[in-house]
Amino acid sequence: MHRTQLTVHRHDRRKRALITLVGEIDLDSAPLVRTALAQCLHDGIRTLDSDLALVTFCDCSGLNTFLRAAQRTAEAGGTLRLHHPPPVLGLILALTGSEFLLLGVPLGRLSSPVEDVPGPVAHTPPHRTVPLASLLSEDAR
């Protein structure tokens, strides 16, 4: 039996949390991600930033987990944003048209239609003016 390794680190600053995920997100580890994000909401956190720079793999079960968490966060009056998704997840986001839901990409900046999407390439991080490291140093809005 294959056991997926995933580590979750959480750093809070008032009503904002940075969740850093390290390892693989798949059917076995997606519940750990779901629990970590749900716990943030339970603790009153309404702005969730998830750093995926150290995620080596994320399949559609991970995408489903992030989409459900984004919906629950929005229902609670907050936001969930993914930062630095691995190439496979970047491709899945582009193919499903869900970039704007999780990456904060403006609607006018979405990728081309599915038939024009090339094979897997390095995904560039979402456009933002504030470095991820400084997000936690901002005052909560």
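Here is how the numbers come out for the structure above:
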| item | result |
| --- | --- |
| Heavy-atom accessible area order for I45, I92, largest first, 1.4 Å probe | I92, I45 |
| Trypsin sites (Lys or Arg not before Pro) restricted to DSSP loop in region 56-105 with at most 15 other C-beta within 10 Å | none |
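The values are calculated or read from the model by the stated rules, or taken from the named source; none is laboratory data. Just so it is clear, the model here is predicted, and its values are computed rather than measured. A quick note on method: Cβ atoms are made from the backbone with ideal geometry, for glycine too, and the neighbour counts reach across all protein chains shown. Heads up: the accessible areas ignore ligands, DNA and RNA and are worked out on the full protein's heavy atoms, side chains in. Shrake-Rupley method; radii C 1.70, N 1.55, O 1.52, S 1.80 Å.
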